[in-house]
1. For Lys29, give me every one of the lysines with a C-alpha distance below 20 angstrom, ignoring sequence neighbours fewer than eight places off in its own chain.
2. What shape does the stretch 1-58 take by its C-alpha gyration tensor, where a ≥ b ≥ c are the square roots of the eigenvalues and a/c under 1.5 counts as rounded, a/b above b/c as prolate, and the rest as oblate?
3. Using modelled backbone amide H atoms (1.01 Å from N, in-plane), which distant-in-sequence or interchain residues come within less than 5 Å of Phe79's amide H?
4. Under a straight-distance cross-link criterion of Cα-Cα below 13 Å, which aspartates and glutamates are reachable from Lys51, leaving out those fewer than 8 residues away in the same chain?
5. With all protein chains present, how much of the accessible area of the stretch 17-64 (probe radius 1.4 Å) comes from carbon and sulfur, to the nearest whole percent?
6. Per residue, how many Å² of accessible area does the stretch 1-72 show with a 1.4 Å probe?
7. Using a 10 Å cut-off on Cβ atoms, rank the peptides 2-14, 37-49 from the highest mean neighbour count down.
Amino acid sequence: MDQFFCIYLEQMQSSLANILSDYGYFDEKIIRFYTKQILEGLTYLHDKKIKHLDLKCSNILTDNDMCIKLCDFGSAREFKKGSSNGSSSFTSL
């Protein structure tokens with residue numbers, strides 16, 4: 001019997017890459033707003049011992065309320081015990 005692992009997420013409207021492409025540079029207020037959310041997301045991941053490793057504008061999704069979600073965890077790795085920064089030893093998720 002085949003087993004499946006399904007993840008259901010809400011649909012996001014765009015990515016930061018698309019918004020930058022369509023509208024150009026963000027003003028400082030918008031940059032602060034998005035940066036705070038990105039850092040909160042990275043803090044959550046790092047607290048769970050996960051490194052994203054492919055953070056870029058196209059992997060940051062946003063909805064109409066300007067809430068962001070990090071996506072594309074294909075390169076993500078788990079920090080290994082005993083590694084201070086996880087740079088040399090990691091386990092694929």
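The values are calculated or read from the model by the stated rules, or taken from the named source; none is laboratory data. Predicted model, so just to flag it, every value in this text is computed and none were measured. Glycine gets a Cβ as well: all are built from the backbone with ideal geometry, and neighbour counts include every protein chain shown. The accessibility values were calculated without ligands, DNA or RNA, using every heavy atom of the protein model including side chains. Shrake-Rupley method; radii C 1.70, N 1.55, O 1.52, S 1.80 Å.
1. Hits, sequence-local ones excluded: Lys56, Lys69.
2. Values: a/c = 2.82, a/b = 1.57, b/c = 1.80.
Taking the square roots of the gyration eigenvalues as a ≥ b ≥ c, the stretch 1-58 is oblate.
3. Ile50, Lys51
4. Partners found: Asp72, Glu78.
5. 57
6. Ligands and nucleic acids excluded, the figure is 82 Å² per residue.
7. Highest-to-lowest ranking by the protection proxy: 37-49, 2-14.
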